[in-house]
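Notes follow once the structure below has been shown.
The values are calculated or read from the model by the stated rules, or taken from the named source; none is laboratory data. Given the structure is predicted, the values throughout are model-derived calculations rather than measurements. Cβ placement follows ideal geometry from the backbone for every residue including glycine, while neighbour counts extend to all protein chains displayed.
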Amino acid sequence: MRIVLLSGGSGKRLWPLSNEVRSKQFLKVVRDKNGRIESMLQRVYRQLCLAGLDEGITVATSMSQVESIKGQLGEKVSVVVEPERRNTFPAIALSAAHLFFEKNCPPDETMVVLPVDPFVEDRYFRMLQWMDSVVQAERADIVLMGVKPTYPSEKYGYIIPDSTQDRMGCNENSLIQYHGTVLKVLEFKEKPDALAAQDFIGRGGLWNCGVFAFKISYLIDILDHTIGCGCYADIEQNYNRLEKTSFDYAVVEKAESVAVVTYDGGWKDLGTWNTLTEVMEEKTIGDVSISENCKNTHVINELGIPVVVMGVKDIVVAASPDGILVSDKEQSSHIKKYIESRDLRPMFEERSWGEYTVLNISVDKYGNRTVTKKKTIQAGKEIGETKHRKHLEVWTMLSGRAVISIKGRKHDAFSGDTFTIERGVLHSLQAKEDTVLLEVQIGTGED
């Protein structure tokens with residue numbers, strides 16, 4: 001069995017902490033059982049490893065998120081990079097081609113696709129093994145996981161199963177210890193109103209949590225009939241020809257045989273501030289003072305200045321280099337329409353070597369653009385050799401110790417040292433200890 005984690009989207013409903021580069025799955029706001037803070041990506045990856053599924057994990061993502069993924073999971077994690085963002089069907093198709101052509105996976109091996117950010121119990125991941133067993137038993141072409149609803153939600157799609165079927169158990173030779181119900185899927189319903197949702201629940205409807213299992217050959221055959229695929233490069237080069245739509249619409253709803261297994265444990269989609277704060281143990285993160293008469297209020301502050309909140313209830317306050325949000329929790333789910341029209345350049349990014357924050361951007365009357373960044377490079381990590389066409393850089397060491405290479409010449413760098421790197425000049429940095437530097441870019445733009 002191969003696991004594909006879908007890591008996409010900008011998570012705009014969690015602005016200003018999330019942006020095009022640091023999506024919601026990278027936010028470190030939840031804690032594990034030992035109290036260590038971790039991101040949703042790290043949590044899901046850890047749970048997969050605990051379930052013994054760490055050998056077959058691939059993360060499908062866009063180029064802008066690769067650095068964050070490797071920074072949080074390590075350089076060895078397998079990553080499939082979309083040539084452009086085109087929704088879940090193209091991303092899953094590209095992943096199947098990667099497993100088949102690049103990883104040489106057998107065509108009849110099971111591929112299980114799931115979101116990178118569900119907040120679930122560990123047994124959710126044991127269900128993936130059960131789904132693998134159902135696929136290999138050829139109960140259906142595609143097997144879905146449905147979550148037993150706890151209330152008539154308008155935020156989720158619904159899977160309507162044929163509840164008149166007999167219970168189908170695991171085959172006798174299976175080693176899977178979870179014996180759930182496998183039901184034929186009759187239809188799908190997308191995000192209904194509360195009244196319709198109540199009706200679906202009465203008919204045995206399940207929340208669609210976006211988990212799919214199928215044999216790799218099933219999707220390779222679809223690709224072959226769609227654009228032809230003799231090798232992985234064929235899919236990459238013709239990626240823009242794949243329909244820009246969801247996997248549900250492009251594949252699942254057209255499949256002749258679809259089954260669903262039921263997961264009845266805890267499950268949350270932490271896609272809004274309202275749901276995210278429900279699982280946060282701390283009421284405040286960062287430099288925050290909050291009065292005792294505040295009720296059901298959460299404050300997250302990533303800025304280097306204090307935030308004081310007094311006498312409010314049911315409020316979320318989030319402050320980051322990207323902006324400041326003050327919102328009623330219920331209303332916070334509507335934030336997307338207020339920011340999607342803005343040209344929001346990410347002001348904070350995680351990289352494989354550390355992180356940086358944009359402190360200032362200015363443009364003079366001649367069109368010269370100056371971008372000032374504060375960069376933190378972890379000990380033992382390096383900013384690999386590169387050069388820039390559009391700007392020169394001035395590096396000023398604020399703390400730490402590093403070796404900076406400019407035009408092949410190495411310099412020992414300490415606090416207070418300054419280096420000017422002209423356009424087109426190869427340069428790199430290797431941190432000997434945790435290093436903080438101020439970078440000023442001057443030119444016509446960023447490379």
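Miscellaneous remarks
- Subset of segment 424-447 [modelled with pLDDT of 95 or more and charged (D, E, K, R)]: Lys432, Glu433, Asp434, Glu439
- Which listed residue, of Ala197, Ala250, Ala213, is without any contact (Cβ under 8 Å) to a residue 60 or more places away in the chain and surrounded by 19 or more Cβ atoms within 10 Å (Cβ to Cβ): Ala197
- Among the residues of this structure, Arg31 does not count as one that is among the basic types (Lys, Arg) and either out of contact with any strand residue (DSSP E or B) (no Cβ under 8 Å at 6 or more places or on another chain) or surrounded by 19 or more Cβ atoms within 10 Å (Cβ to Cβ) (or both).
- Flag if Arg409 is free of Cβ contacts under 8 Å to residues at least 24 places away in the same chain, over 30 Å from Asn296 (Cβ atoms), out of contact with any Lys or Arg (no Cβ under 9 Å at 6 or more places or on another chain) and of a type in the set (D, E, K, R): yes
- Evaluation of Thr396 against (1) hydroxyl-bearing (Ser, Thr, Tyr); (2) in a loop (DSSP other than H, G, I, E, B); (3) over 24 Å from the mean Cα position of the chain (by Cα) (one fails), failing number: (2)
- Flag if Lys189 is among the basic types (Lys, Arg), surrounded by 15 or more Cβ atoms within 10 Å (Cβ to Cβ), in the same structural domain as Ile142 (by TED's automatic domain parsing) and free of Cβ contacts under 8 Å to residues at least 40 places away in the same chain: yes
- Strands (runs of 3 or more DSSP E) lying entirely in segment 225-320 (those with 2 or more residues that are modelled with pLDDT of 90 or more and among the small types (Gly, Ala, Ser)): 315-320
- Pairs linking a residue in segment 336-350 that is under 17 Å from Phe26 (Cβ atoms) to a residue that is part of a helix (DSSP H, G or I) and not charged (D, E, K, R), with Cβ atoms under 6 Å and 6 or more positions apart or on different chains, are Glu350/Ser68; Glu350/Gly71.
- Hits in segment 24-51 (condition: free of Cβ contacts under 8 Å to residues at least 40 places away in the same chain, in a helix (DSSP H, G or I) and charged (D, E, K, R)): Arg46
- Yes/no for Ile92 being in a helix (DSSP H, G or I), of a type in the set (Val, Ile, Thr) and over 15 Å from Phe247 (Cα atoms): no
- All positions within segment 53-81 that are outside any helix (DSSP H, G or I), more than 16 Å from Glu121 (Cβ to Cβ) and more than 12 Å from the chain's Cα centre (by Cα): Ile57, Thr58, Gly74, Glu75, Lys76, Val77, Ser78, Val79, Val80, Val81
- Output for segment 52-67, where each listed residue is surrounded by fewer than 17 Cβ atoms within 10 Å (Cβ to Cβ), touching a helix residue (DSSP H, G or I) at 6+ places or on another chain (Cβ under 9 Å) and not acidic (Asp, Glu): Gly52
- Residue satisfying condition, being surrounded by fewer than 13 Cβ atoms within 10 Å (Cβ to Cβ) and under 30 Å from Val77 (Cα atoms), within set Gly384, Gly424: Gly384
Conditions tested, residue by residue: (1) surrounded by 19 or more Cβ atoms within 10 Å (Cβ to Cβ); (2) in a strand (DSSP E or B); (3) of a type in the set (Val, Ile, Thr); (4) on the phi > 0 side of the Ramachandran plot.
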{"residue": "Lys365", "(1), (2), (3), (4)": "no, no, no, no"}
{"residue": "Lys410", "(1), (2), (3), (4)": "no, yes, no, no"}
{"residue": "Glu433", "(1), (2), (3), (4)": "no, no, no, no"}
{"residue": "Leu437", "(1), (2), (3), (4)": "yes, yes, no, no"}
